[in-house]
Each structure stands twice: as C-alpha cells, then as structure tokens.
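The values are calculated or read from the model by the stated rules, or taken from the named source; none is laboratory data. In this text the structure is predicted, and so the values were computed from the model without any measurement. Backbone-built Cβ (ideal geometry, glycine too); neighbour counts: all protein chains shown. We work out accessible area using only protein heavy atoms, side chains counted, and drop any ligands, DNA or RNA first. Shrake-Rupley method; radii C 1.70, N 1.55, O 1.52, S 1.80 Å.
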Amino acid sequence: MKGNEHFPGIKSRNQVSPKKPSNFFVFLFLISFVLSFNGLFAATVQNDEPKGENKGLQDTPPVITVVSATRREIPIEKATRAVTVITREQIERSGKVFLLDLLRGVPGVMVIQLGTFGREAHVVMRGVNKESTLVMMDGVQINNSNQSLASLQHITTTDIERIEIIRGSQSVLYGADAVGGLINIVTKPGRGKGLSASGMFDYGTYNTFHEEGTVSGSWDKFSFSGAGGRIDTEGLGHNDDYENTTARAHTKLQVTDNSDLDVAFHHFNSIVGLDDGFVTVNGRNFFRQDPNRSTRANQQVVNTKYMISLTDWWQQYVQYSLFHDSSFSHDPRNPDLRTGADPESFLHINSNRHTFEYQSDFYISDFDVLTAGYEFEHSNVHTTNNNSLARNHGWFGQNELTLWNIWTIVAGIRLDHHELYGLEASPLVSTGLWITKTQTKIKGSFGRGFRAPTFNQLFFPNFGDPNLEPETSWSWDAGFEQFYGKDKRGSFSLMYFNNKTRNLILNLTRATNIGRAFSQGIEFENRIRLWKELYFNTTYTYTHAIDVTTDKRLLRIPRHQGKFGFTYDYQKWHLTVDWIWVGSREDSGSRVHTRMDEYEKLDLAVFYDLTKFAQLYGRVGNLTNDNYQEGRGFDMPLATVTGGIKAKI
C-alpha cells in the first residue's frame, strides 16, 4: 500500500515515523570482529601440523558441497568463487516462510520488494541490475522470458534442501542472465529407508493461515520427495489479500549400476490484490487505493535429467526442461465510481522456455577435470498485445586444474549465438590457494558477461525499443576465507569486487541504454559456533554503484547494508534472532531522484520441542515495529506475530 509522504492527498496505512538505525548495530558488528579474532586464535592454537607442511584440501573435512560453482558437486572450500550456502538446518531454524527473507543479509545481495505478501520482488547482486541475477531451481532457469525476473515473491521454503548463492559473473557456465550472479535452489530428494512424513500449521497477524505437508521415501533403487503448501492472508490494506498454493516433487531412479534418472517438478498458483491505482490530475499521476485490482500468477517447472558414467573418467548427462509462467492482471471499473474515467483494463502474459542441455565431465587425472557442453534454449512470450520468439545456442568449456592439492586454477569460455545479436564470447578465469596450516583460502576471478535485452525491453508497446544494444561487462574480485579450527566450526571471509558495464539498460519511461555503469565494493561475512548451543553470523556489504555518464547513484542500491544474527539452544528451547540493517538509497521520484531513509528490521523465532516428533513455534517479524519501505511508496508490514505447530513421523 502507498504511503502519503510521497503521494499527496493519500492517507498512509502507517503513522509511525521512520527510525534510523541505532548505534546498537555497530556495537553488534564490533562484537563479531572480536569473535572472529578469538576464533582465529583458537584455530591457530588447535592446529598442531608440523611447520612447513601444506597437505591440501583432501586432508581436511568438507563443510558442505556446492554444485553451481562448477556444474558438478565439490566441497565449498574448493570453490574459487564467492559462495554462500544456506542449508536446510539454517532454513528450518530461521522460521522463514518465503525464500526472499532468507536472501536478505547475504553478502553482496540486495532484496527489493514493492510492498508486502505477493508483491513484485527482485534481487540485485553486487550493484548489477535486477535482470542480471540468474535464479535456478533443480537445474532449471526460472527467470521469466518477458522480464528476465524470477517470481521470488511466490517461492516458499517448502521442501528446499539448500540455497547456493554464487556472486559475480557466471556467464561462462550459465549464459546471458548470470552477469551479476546465480541463485541455485535445490529441493530435497528422498532419503532414508522406508516412508516419512511431516506437517505444520500456523496462524498470525493479518488473519494469515499457513499449512504445509511433506512426504518422502526410499526403497532400493528408487527415492522420492513431495511437498505441498498453502498460504492465505488478508494483508495490510483493503485490497491486499494474498493466496498461494505450492506443490513440489523430486524423484530419483537408479536405472543401471552406472546411470541415474532424476525428475523434478515445481508449481505455484497465486492471486494477490493490488490496492495501488492512480488518478490523473493536471496531467500528473497520483496513487490512490484501488478496491478490485488483482494479479493471478501460476508457474510450472519440469526437469528431466539422465546421467551416465561410461567409464571411471567420463561422466555425462542429457537434460530437458520446461518452464511455463503465466500472469493475468485485471482491474475492473471501480464499483463506487460515479464520475470520471475508469476503464476496465487487463493484461495476460504467457512465458515459455524449452531447454535442452548436454554436458560431459572428463576426469583426466585426480588433479584435472575438463567440462564441456552444449545448451539450446527456445523462448517465447505471448501477451495481450504482442507475440515474440527467440532462440539461443550455447557452447561452453571449462578446465579445473589443481596443483599440489592446494592451488586450483579454473579457466573457461562460453560462446552464445543469440538469434538477434549473433555470437558473443564470455571467458572467465578464477583461482584459489588453500593453506592448510592456517585453514585459509585465497581466491579471485576475472571474466566477461553478456546480457541480451528482455522481450519487454525490446517489444512491449510504448516501452520497448527494438534498437537496444546488449549489455556487456567485465568484472573481477579477490579476497580470502579463513576457517576456524580443524572442525571448521566457523569462517571469516572478505571479498573486493569490481564491475564495469557497457550499454546498461534501465527501465525508465522507456527501456534505454544509458552508456556505462560502474560498481565496486566489499563483502564481509563471519560465521562461528562458539559452543554447541551458540552460533553467530554477521555480514556487511559496501557497494558504490553509479551511472558513469551522469555520475549519479544507481537506483535502490544502498552503500551500506548488513546483518547480525545468532541461534541459541537451551534444553528443549531453540531461539533464532536476525537483525538486518539497510542504508539510505535513491529511488525514482516524479521528476528527480528521491532519497530513501535507512532502516533496520529485527526478526526472531522461538521453538519448543514437545517430543522428538512434535514442536511448537512462534515468530515475530519487525519486532521494533518500524515503518519502512524497500521501494519508494510501498509500505512493508509493521510488527507481525505468528504461532504454530509442526510434527513428523
């Protein structure tokens, strides 16, 4: 819902004045530094390896595996890119319902949602525009074809195994939409013997109901996992209702001793009320509440992957995926309107993508892996006013060489032949040096990215420009990650990044190439488990992102943002606290840029184990009851309270 500080004549839902972050966040940040040095000292004391020896990664236990950094499963310590992984345990401990809330506070990641439940949302990574963040689910791109945006506002945490966030250009492996970075969502496969099931129910502020159920099993050569969920809420205003139904399934079948078939399915169907209308006065548009405007959206994703190992040194797979995204926006004439123009309007958009992919991994030796593949993508968009079609062929190759078991060098190139823009090359080189004595990883990367304009930016009536040039960018980063102790109970990381973009496309009154853009910054993250019961996590990101031609800041990108969080266990009680701080940003005004105030948000979740099969829980969102906006004019919820129960068998 709109707020009256920016739109004259409209009464805001919230009358609470925006508060600036207190010095308490700075205090928490300093605590994290103290904990970092304590952890670093403990790591040095505990490590009793003889001086001068550097045995390498294979002599240290892995923290977690990650797939998206190299297109194959590797320990996170071997990754030469800037990687953050959110595990299933962290997802459950957070109590978060929507994926967006898990991404807030991740280093280098900025989340912007234009309002509350179900409202449009997008993610910006390292100051690069929102269309340049690739989002995948179980290996399938879920950015739609018309805007190149993923419907993150509708994706719940139901049955998600882990979330991999790879910062920096990933175009060498994933193509044109991964210039800023990649978010890979991996759903839970079936595990364990026999059948298991779980369910949960909660109720909260704004008359919000949430139900969820899962079932999984594994027998011999077959495993499966399925989940479903439902959310209903009245929302903040008179027409802020939101409904969401989610269904997911993931099955695996061992076809032969050396081959597997993996099939995944994802679906959501949602409807959201939009109380944002407008009235024209003296040639200017002003927002007003709209009692009957709504958008219905649904999405289906199907992925089929067949993997076979013909020899010990050659593994390959073929994959076919289907992505379908549909939205229907409808705004009938307001029922109480007696005078003035208020014509009925509607917009229907169908977006489809068929993708075929082949990949081979050649294990040339225990220190050299060669990856090569081909990808064909067929995309089409059908709207009320237009039909568009595009095809892209991509060939990629990458070599991962590890010397002396401590120094990894990754070099690759991708060639994309776009139907409209011809051949584009995206090379990348990255490296990582592992120092066992101090449990330190030094890493860096340098590469090129390419992004074609979206269908909307090219062809949408009165907005698109078919003469737009594609964006190209060069980026590099460098930094280190310091693990604590042999058990890797924590880590401290610091990265510097630098991006230069030509022909950056901005969505102004029309899609426009602005010339050149530049962003640079620092990403910091500290994670440490001091004791079995106590875990701390602190992040901070500094981003300087400007339009080089005007020397103005890019919109909605804060210079400073951070997060302080911890979890604590006491007998049957479990507590999670997250404190997020976002600095001031600039957003678009009616004629000039408008400065938006910084804000902070405090969330907590409490769990109590009734038995080992049942748990009570409660959540409080925005505990300090702050009035804030992530996008100009769109209020976010004040304090919310939720209580529920979950059980498993």
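For the reader, a short list of remarks on this structure follows.
- Considering ILE112, ILE91, the condition of being part of a helix (DSSP H, G or I) and at pLDDT 90 or above is satisfied by ILE91 alone.
- When ARG556, ARG585 are checked against the criterion of being in contact with a Lys or Arg (Cβ under 6 Å, 6 or more places away or on another chain) and open to solvent by less than 20 Å² (accessible area, probe 1.4 Å), a single residue qualifies: ARG585.
- Applying a threshold of 8 Å to beta carbon distances and a minimum spacing of six or more residues, or different chains, the list of pairs starting in the stretch 138-161 at a residue that is aromatic (Phe, Trp, Tyr) and ending at one that is assigned to a loop (DSSP other than H, G, I, E, B) and open to solvent by 10 Å² or more (accessible area, probe 1.4 Å) is empty.
- Cβ-Cβ distances below 8 Å connect the following pairs, each with a first residue in the stretch 388-405 that is among the charged types (D, E, K, R), a second residue that is open to solvent by 50 Å² or more (accessible area, probe 1.4 Å) and not in a strand (DSSP E or B), and a separation of six or more residues or different chains: ARG391/GLU419.
- Where strands (runs of 3 or more DSSP E) fall entirely within the stretch 550-649, those with at least 2 residues that are under 18 Å from VAL106 (Cβ atoms) and within 22 Å of the chain's Cα centre (by Cα) are at 560-570, 573-582, 599-609.
- Considering residues of the stretch 559-582 that are among the aromatic types (Phe, Trp, Tyr) and open to solvent by 50 Å² or more (accessible area, probe 1.4 Å) only, the residue nearest to GLN90 (Cα to Cα): PHE566
- Filter pass, THR543 being open to solvent by less than 30 Å² (accessible area, probe 1.4 Å), among the β-branched types (Val, Ile, Thr) and under 21 Å from the mean Cα position of the chain (by Cα): yes
- The listed residue being touching a Gly at 6+ places or on another chain (Cβ under 7 Å), closer than 22 Å to HIS560 by Cα and either of a type in the set (Asp, Glu) or open to solvent by 20 Å² or more (accessible area, probe 1.4 Å) (or both), out of ASP635, ASP597: ASP635
- Any hit, the stretch 278-290, residues being open to solvent by 50 Å² or more (accessible area, probe 1.4 Å) and at pLDDT 90 or above: no
- Among residues that are closer than 30 Å to LEU149 by Cα, touching a residue at least 24 places away in the same chain (Cβ under 8 Å) and in contact with a Ser or Thr (Cβ under 9 Å, 6 or more places away or on another chain), PHE455 is included.
Residues are listed down the side, and each one gets a yes or a no for (1) open to solvent by less than 20 Å² (accessible area, probe 1.4 Å); (2) among the hydrophobic types (A, V, I, L, M, F, W, C):
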{"site": "THR84", "(1), (2)": "yes, no"}
{"site": "PHE98", "(1), (2)": "no, yes"}
{"site": "LEU114", "(1), (2)": "no, yes"}
{"site": "GLY127", "(1), (2)": "yes, no"}
{"site": "THR133", "(1), (2)": "yes, no"}
{"site": "GLN141", "(1), (2)": "no, no"}
{"site": "ASN144", "(1), (2)": "yes, no"}
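- Residues located in the stretch 149-159, provided they are surrounded by fewer than 24 Cβ atoms within 10 Å (Cβ to Cβ) and of a type in the set (Gly, Ala, Ser): SER151
- When PHE497, PHE450 are checked against the criterion of being under 23 Å from the mean Cα position of the chain (by Cα), more than 30 Å from TRP404 (Cα to Cα) and among the aromatic types (Phe, Trp, Tyr), a single residue qualifies: PHE450.
- Residues that are modelled with pLDDT under 90, over 21 Å from ARG230 (Cβ atoms) and not in a loop (DSSP other than H, G, I, E, B) do not occur anywhere in the stretch 133-150.
- Extreme residue, modelled with the lowest pLDDT, among residues of the stretch 490-503 that are touching a Gly at 6+ places or on another chain (Cβ under 9 Å) and surrounded by fewer than 20 Cβ atoms within 10 Å (Cβ to Cβ): ASN503
- The residue that is surrounded by the most Cβ atoms within 10 Å (Cβ to Cβ), among those in the stretch 304-319 that are of a type in the set (Phe, Trp, Tyr) and in a strand (DSSP E or B), is TYR317.
- For the residues ILE514, ILE528, the requirement of being touching a residue at least 24 places away in the same chain (Cβ under 8 Å) and touching a helix residue (DSSP H, G or I) at 6+ places or on another chain (Cβ under 8 Å) singles out ILE528.
- Residue identified as at pLDDT 90 or above, in a strand (DSSP E or B), among the polar types (S, T, N, Q) and more than 20 Å from SER445 (Cβ to Cβ) among THR538, THR512: THR538
- The set of residues in the stretch 600-628 that are in contact with an Asp or Glu (Cβ under 6 Å, 6 or more places away or on another chain) and open to solvent by less than 20 Å² (accessible area, probe 1.4 Å) comprises ASP603, GLY621.
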